[in-house]
Amino acid sequence: MHYFTPKRCASSRKIIYHDKAQAERAARQGLIERGAELWVYRCEYCGGWHLTHHDPKEEHLLRGMGAQATRQGKPRSRKRGFKPRRR
Ligand SMILES: [Zn+2]
């Protein structure tokens with residue numbers, strides 16, 4: 001019996017693809033078989049390639065917006081020890 005058992009990443013638990021072409025082929029197959037749009041990205045933990053359901057560019061954009069929102073929510077204009085001078 002011939003059965004392909006893919007290696008999985010210890011960090012993300014995702015299937016490891018050894019090169020980008022292999023991952024892209026799997027992504028295309030996922031789109032055809034399940035209609036799932038998948039993105040290929042390089043993993044910094046295992047050095048292989050993984051598939052993700054999220055657009056890495058979009059994810060980055062969302063994270064950037066969240067950081068900006070928390071910075072704006074913090075009040076910075078605290079006037080301590082400031083006494084207005086009278087003329
Ligand atoms: Zn990995």
Seminar exercise, completed: If we keep only residues of segment 5-21 that are small (G, A, S) and in contact with a Phe, Trp or Tyr (Cβ under 8 Å, 6 or more places away or on another chain), then the residue farthest from the ligand (Cβ to nearest atom) is A10
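So that you can scan it fast, the table gives a plain yes or no per residue for (1) part of a helix (DSSP H, G or I); (2) at pLDDT 90 or above; (3) among the aromatic types (F, W, Y):
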{"position": "R13", "(1), (2), (3)": "no, yes, no"}
{"position": "Q29", "(1), (2), (3)": "yes, yes, no"}
{"position": "Y41", "(1), (2), (3)": "no, yes, yes"}
{"position": "Y45", "(1), (2), (3)": "no, yes, yes"}
{"position": "H60", "(1), (2), (3)": "yes, no, no"}
{"position": "G64", "(1), (2), (3)": "yes, no, no"}
{"position": "S77", "(1), (2), (3)": "no, no, no"}
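The values are calculated or read from the model by the stated rules, or taken from the named source; none is laboratory data. Not measured: the values here are computed from a predicted model. Please note: Cβ atoms are built from the backbone with ideal geometry, for glycine as well, and neighbour counts cover all protein chains shown.
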